[in-house]
Amino acid sequence: MRRAQYLMGTVIEISVEFEPDASEIRDNDEVFAAAFSQFERIATMCNRFDPESELSSVNEKAANTPCRVSDELFALLERGLRYTMQTDSTFSILLQPLVDLWQGAANDDVLPGKHAINAALAHCDPSHVHLCQRKQTVSFSREGSGFNLDGLAKGYAADQARGALALRGVRNATINAGASSLNFLKSDHDPPQRRLLARSPCGDHVCLSYRALQSSVSTSGTGERDFTIAGKRYSHLINPATGHPLQGSLAATALSLAGETAEVASKVLLFKGYEAGMTLCKRLGLAASGFVLRSGRKGLAFDVEGSPWLHLAEAGGNA
């Protein structure tokens, strides 16, 4: 059985295999509603476009006064900040100043200058964020800093939705959050080899073969969204190291046991490159496998880890 809703700026599709003997599952509609409600709740909490959201309130007020936040948002910000610092901002939840800068440049159709980019980068420093566990407050030491959870919230929401399904007795399900974030709940004790089509930045597909009981897949790439300034197209992904949109035709796919860590790992692979990215993921204990796709004049090239958990099958294979 399959249901879909438009949430978090994309189509969330949930497929559930209800077992005939699962007497504990009595209301299929309630099962789906419980899973979708996780996306709804987290979207409401983390929506940077909604001035009434909890995240927007923090971004607006935290430079002037410590903001007390909910348990869930505090924990998510705490983990996100830890990922940001552990990866030297290769993955970052503090890119809102740069997002605002480049969005404004796109609206004005004028490239931002070096001084403006450096100033925005300075506001993205995690040292400007102060989390007080005792009071459960968030504050910024510099006006202009701001959180952006776009690269984390969807994977986290998929994890919560998977948990909601498991809590209601579901043993097999697939959560597809806009094709870039996938989350699987499987009951197999010895899961069969599975195949998944991974999208390349130029629209081609590579067949991914893997084994996992509960696995999550995240793909980040320059072909997902873009904007135009002075007639030139730019990726929506901003490199935290340079403050500029990521150049080239690139995509990175990461597999991990949790959607949240898969989201982090895919950004690390994308911005650091395959070898350095995998080294960093291993050092941080992210338990991720992955690969990077590069499209150029010579066609599609890829790097993949030599792991029994993940390998590339023939391109164009069945998913």
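Any read-out appearing in this document is the output of simple, stated calculations on the displayed coordinates, not a laboratory observation. In this text, all values refer to a predicted model and were calculated from it rather than measured experimentally. For neighbour counting, all protein chains shown are included, and Cβ atoms are generated from backbone atoms with ideal geometry for every residue, glycine included.
Which trypsin sites (Lys or Arg not before Pro) does the stretch 147-191 hold that lie in a coil by DSSP with at most 16 other beta carbons within 10 Å?
Taking the stretch 147-191 and a limit of 16 other Cβ atoms within 10 Å, the loop trypsin sites (Lys or Arg not before Pro) found are Arg171.
Please list, ordered by chain and number, the residues whose modelled amide H lies under 5 Å from the amide H of Thr137; skip anything fewer than 5 residues away on the same chain.
Distant-sequence amide H within range of Thr137: Cys132.
Given Cβ point charges of +1 (Lys, Arg) and -1 (Asp, Glu) and nothing else, what value in debye, to the nearest 20, does the dipole of the stretch 60-147 about its Cα centre take? Before the final figure, lay out the partial values.
Values: 8 positive and 10 negative charges, 82 e Å.
Roughly 400 debye, rounded to the nearest 20.
Non-local amide H neighbours of His244 (under 5 Å, H modeled in plane, Pro and chain starts lacking H): which ones?
Those lying under 5 Å, H to H, from His244 are Asn239.
Please list, ordered by chain and number, the residues whose modelled amide H lies under 5 Å from the amide H of Leu94; skip anything fewer than 5 residues away on the same chain.
Counting only residues 5 or more places away or on other chains, the set is Asn148.
Kindly give the semi-axes, whole Å and largest first, of the ellipsoid equivalent to the stretch 60-147, taking each as the square root of 5 times a Cα gyration tensor eigenvalue.
26, 14, 11
If the chain between Ala241 and Thr10 were fully stretched, how many nm would it gain, using 0.36 nm times the residue separation less the Cα-Cα distance? Numbers along the way, then the final one.
Working: separation 231, 0.36 × 231 = 83.16 nm, distance 2.79 nm.
That pair, Ala241 and Thr10, stretches by 80.4 nm at full extension.
Output the peptides 130-143, 247-260 sorted from most to least packed, where packing is the average of other Cβ atoms within 10 Å over each peptide's residues.
So the order, starting with the most tightly packed, is 247-260, 130-143.
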